[in-house]
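Data first, discussion second: the structure below is written as structure tokens.
Values in this text are rule-based calculations from the coordinates and carry no lab data. Small disclaimer: the values here were computed from a predicted structure and weren't measured. Glycine gets a Cβ as well: all are built from the backbone with ideal geometry, and neighbour counts include every protein chain shown.
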Amino acid sequence: MKKFRIAIFASGNGTNAERFFTHFRGHPQIEVVLLLCNKANAFVLERARNANIKTEVFDKAQFVSGEVLKILEENSVTHVVLAGFLWLVPGHITAAFPNRVINIHPALLPKFGGKGMYGSKVHEAVKDSGDKETGITIHLVNEQYDEGKVIFQTRTNVDEGDSPEDIAAKVHALEYEHYPKVVENWILKAESTRG
């Protein structure tokens, strides 16, 4: 049985990344083998070490030069997951992993997406818009921010009295519930059709 090997890119606290570590621990076909981070002091590195996941820290020059791609290849990575990672993925990485790089966005794309739209900025924009719902979008990654093919969306209500922090809490709950399961289904379904 073929084993699929995930590398997770993250930049911050790592709550989503940690759910991947837990979800795939002991999985018969999918394992998280690597956590890559562009901030040497990010708490996600500690979470990965506690889960016995190999970590690598890199800078912008290594990212764009091909050094990070080499690390992925050396670790026999088959799929890449972005979990709170804010840099645009270079074309040489998306080309090396066609339809195998996936991201989550904390809103219902195409609304509230694009460069600079991340984290609390998204939830503040949702609040300011007066929209009655928001949610998450899980999508493939291409060479533009938040423009890859949508794999999954789900929604939650935005109530009139909700603060941006309240909206964030609702969105985080959706992320935790759905992101690892959607990635699992995406990998297994896509690979079964590839043969």
How compact and how long is the chain, expressed as Rg and Dmax of its alpha-carbon atoms in Å?
16.3, 51
Could you compute the net charge surrounding PHE21? Neighbours are other residues with a C-beta less than 13 Å from the C-beta of PHE21; K and R count +1, D and E count -1.
+2
Report the local net charge at GLY113: Lys and Arg +1, Asp and Glu -1, summed over other residues whose C-beta lies under 15 Å from its C-beta.
-1
If the reach is capped at under 14 angstrom between alpha carbons, list the aspartates and glutamates near LYS127, excluding any in the same chain fewer than eight residues apart.
ASP159, GLU160, ASP162, GLU165, ASP166
Listed residues ASN13, LEU36, PHE24: farthest to the positive end of the dipole of segment 1-141 (Cβ charges):
PHE24
Under a point spin-label approximation (7 Å from Cα along Cα-to-Cβ), what is the ASN142-ASN99 distance to one decimal in nm?
1.4
Could you tell me the calculated FRET efficiency between ARG5 and LYS111, based on Cβ-Cβ distance and R0 = 35 angstrom, to the nearest 0.05?
0.55
What whole number of Å gives the distance from the Cα centroid of segment 142-195 to the Cα centroid of segment 83-99?
17
Figure the gain on full extension for GLU73 and ASN52 (residue separation times 0.36 nm, minus the Cα-Cα span) and round it to one decimal in nm.
5.6 nm
Among THR137, LEU188, VAL158, pick out the residue whose Cα is farthest towards the positive end of the charge dipole of segment 137-195, where Lys and Arg carry +1 and Asp and Glu carry -1 on C-beta, about the Cα centre.
LEU188
Take the alpha carbon gyration tensor of segment 15-121, find the square roots of its eigenvalues, order them as a ≥ b ≥ c, and report rounded if a/c is under 1.5; if not, report prolate when a/b exceeds b/c, else oblate.
rounded
